[in-house]
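One structure below.
The values are calculated or read from the model by the stated rules, or taken from the named source; none is laboratory data. These numbers were taken from a predicted model, which means no experiment stands behind them. Glycine gets a Cβ as well: all are built from the backbone with ideal geometry, and neighbour counts include every protein chain shown. Surface accessibility is based on the protein's heavy atoms, side chains included, excluding ligands, DNA and RNA. Shrake-Rupley method; radii C 1.70, N 1.55, O 1.52, S 1.80 Å.
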Amino acid sequence: MHVSEAELKEFIIDSGLVAKKEIDEAEAQARKNKQPLGNTLVARGALSEDALRRIQAYVLGIPFVDLKEYRVPIDVLALIPEPIARTHNIIAFKKENDSLEVAMLDVEDLASIDSVRKKTGLKILPRLTDTESIRHALLEYQKSLKDEFGDIISAEAGKIRVVNAGGELSGDELKKMAEDLPIVRIVDTLLRHAIVQGASDVHMEPMETEVLIRYRIDGILHDAMTLPKAAAAGIVARIKVLSNLKLDEKRLPQDGRFKMETEADRVSFRVSILPTFYGEKVVMRLLRETGEGFTLDALGFHGEGLERIHRALKQTTGIILISGPTGSGKTTTLYTMLDILNTPDVNISTIEDPIEYQMKRINQTQVNPQIGFTFANGLRSLVRQDPDIVMVGEIRDGETASLAINAALTGHLVLSTIHTNSAAGAIPRLIDMGVEPFLLVSTVRVVVGQRLVRKLTESKKQYTLSKTERAKVADDAEFSTALAELKAEKLVRENVGIDALPFYKPAPSADSEDGYKSRIGIHEILGVSPAIRDIILHSSTSDALETQAKKEGMLTMLEDGIYKAARGITSLEEVLRAVTE
């Protein structure tokens, strides 16, 4: 089952998918590198991998299936376990009598076909598919898992032994509870369930008669399940054992960390335990270590704002600041910038609290205020480590701000975050901390303000706004600014006016109950121009800075939100929720 080079070339020429000149050049390159023609066309960007698979399927006479159009029964899907399906890109989608049709990215993967044949005892009929279809089918596995998890937790909760129900549990009793099989299974299943749901945080809150489990998904807290009160002590003890915390300490807050591996993910859990009236509340932040690296485009940066950031990143000195409240994605933006800067010819050092993601070739240090190791102390030591680029997790006080400014003045590029509501608000905040305005104009290159909004799924519904409805959202000037940006990026036609600008509403679907999935940033990027420097030196008010930045082409977060809403990435309701919080 192999497509000859001649057959492939002939079909591509006949189909008109690729120009003949491009094919001839690719053929010469393929001969020179001793590679197949198809792979060379993909490498040159002339064909996508999925288009090549469709061509091969046609030439070989193998059916091509689009799994997005199939409703695969769960019992058929389960014939191939999820880890095998994910690793080998093979999905069971149709069973008839003694034969099983499987969708694959590579129908010549005979080892996988033979493995499935032995496991199922069925005749295997391979079909070609594309990467989107495989991704869609893997999501179906997750949906069936959600139902499974609920059943497991309910069953295990009924097996919990009640130990010393009348009084305080000793350390030994807690340790026994933490090792009790039902408790181990409940905690393990809860954590796996949170990973499958795409949660960023897990809350375990003790109530008077039960334990409430809540997940934060795409920035919104959802009730996930309730567990019997009898499970509370064992669950907390189990998490303390995993995090290497003191089992018998219930009066003081504790912080810890542990890791967990599933078939698809390696996740680090950052644990915080806090005493409350009804017991200890546990909050765990999920930090996925195996996720693909982000790009600034994927985070939501675009147009002139993106260019401003790239220009600042090319500088060898100065400060790049990310501003926003807690949970607005500042750290993710910082890590993405570090990933761009992380080349073999630079030395990058960070001082963080805590280290959220481990990055290769970057020297990461965590602060420890309990022993006097603060951001200021750490930064003072970092600049003696011969760094080219320094990342300070957060500028919280005047001392850290002063040291960061000095580092920028003495030949370092400094990246950091600051808690303010807007990009323009970062400058007055630094001056309040005691930084001299003349030092700011010499060092600050760009300030990024950001929030996170939920993204609409593909089932969204389009509509247009009347003038009255627009007035409830923003001024016509702000809609016009967003429209001008859309036209500048050639995303809408030149003759489209704000009355015809389309917007979108969430629509519930099988993939999402509320019509949203995942998140993206809305940003404002304030570049420090000569006019902005003059305002910093003389007035430094955030209003004056923002007015001048808008004259120079800065989109505010609301305008960027309207721009993304008009593109169908998010909804206007979601933008307003984010910018008015």
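Summary table
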item: For the range 98-103, Karplus couplings with θ = phi - 60° (6.51, -1.76, 1.60), whole Hz, Gly/Pro x; result: 9, 10, 10, 8, 10, 9
item: Fraction in percent of alpha-carbon pairs per bin - 10 Å, the range 168-287; result: 14, 49, 33, 4
item: Accessible area of the range 216-256 divided out per residue, in Å², using a probe of 1.4 angstrom; result: 52 Å²
item: Computed P(r) (all Cα pairs; the range 274-341; 5 Å bins; percent); result: 3, 12, 20, 21, 14, 10, 6, 5, 5, 3, 1
item: Solvent exposure of the range 396-535 as accessible area per residue, Å², 1.4 Å probe; result: 46 Å²
item: Too-long pairs where the Cα-Cα distance tops 25 Å, listed order kept, from 330/360; 68/490; 95/517; 9/123; result: 68/490; 95/517; 9/123
item: The range 331-485 - Kirkwood radius from inverse mean 1/r over Cα pairs (Å); result: 18.1 Å
item: Solvent accessible area, Å² - residue 580, 1.4 Å probe, full protein context; result: 100 Å²
item: Volume of the Cα convex hull of the range 74-141, divided per residue and given in Å³; result: 71 Å³
item: Label-point gap, in nm, between residue 35 and residue 208 - each point 7 angstrom along Cα→Cβ; result: 6.9 nm
item: Rounded percent of accessible protein surface that carbon and sulfur make up, the range 417-544, 1.4 Å probe; result: 49 percent
item: Amide H within-cut-off set for residue 364, under 5 Å, with H built and near neighbours excluded; result: 350
item: Carbon + sulfur, % of accessible area of the range 229-362 - ligands and nucleic acids excluded, 1.4 Å; result: 50 percent
item: Distance histogram for the range 217-344 (every C-alpha pair counted, 5 angstrom bins, percent rounded to whole numbers); result: 2, 8, 14, 16, 15, 13, 10, 9, 7, 5, 2, 0
item: Nitroxide proxy distance, nm - points 7 Å out along Cα→Cβ at residue 28 and residue 317; result: 4.9 nm
item: Ratio Rg/Rh [Cα only; Rh per Kirkwood] for the chain; result: 1.01
item: Low-density loop cleavage sites - GluC sites (Glu not before Pro) in the range 46-125, where at most 14 other Cβ are within 10 Å (DSSP); result: 108
item: Whole-number D in µm²/s for the range 368-419 (Stokes-Einstein; Kirkwood sum over Cα pairs; 25 °C, 0.890 mPa s); result: 222 µm²/s
item: Viscosity 1.306 mPa s, 10 °C: Kirkwood-radius Stokes-Einstein D of the range 418-466 over Cα pairs, µm²/s; result: 113 µm²/s
item: Computed label-point distance, nm, for sites residue 477 and residue 78 using a 7 Å Cα→Cβ extension; result: 6.1 nm
item: 240, 281, 20, 32, reordered so the largest accessible area comes first (probe 1.4 Å); result: 32, 20, 281, 240
item: Helix-derived mean residue ellipticity, 222 nm - over the chain, DSSP H n ≥ 4, -39500 (n - 2.57), to 500; result: -12500 deg cm²/dmol
item: Accessible surface, 1.4 Å probe, highest first, among residues 136, 419; result: 419, 136
item: Long-range amide H partners of residue 211 with built H, under 5 Å; result: 227, 229
item: Long-range HN-HN contacts of residue 94 with modeled amide H, under 5 Å; result: 101
item: The range 176-199 and the range 323-372: distance between their alpha carbon centers, rounded to Å; result: 30 Å
item: Kirkwood-type radius of the range 497-563, with distances r between different C-alpha atoms, in Å; result: 14.9 Å
item: Rounded to the nearest 10 Å², the accessible area of residue 248 at probe 1.4 Å; result: 110 Å²
item: Directionally averaged shadow of the range 438-533, computed from the convex hull of its alpha-carbon atoms, nm²; result: 8.8 nm²
item: Candidate residues 193, 310: accessible-area rank, largest first, probe 1.4 Å; result: 310, 193
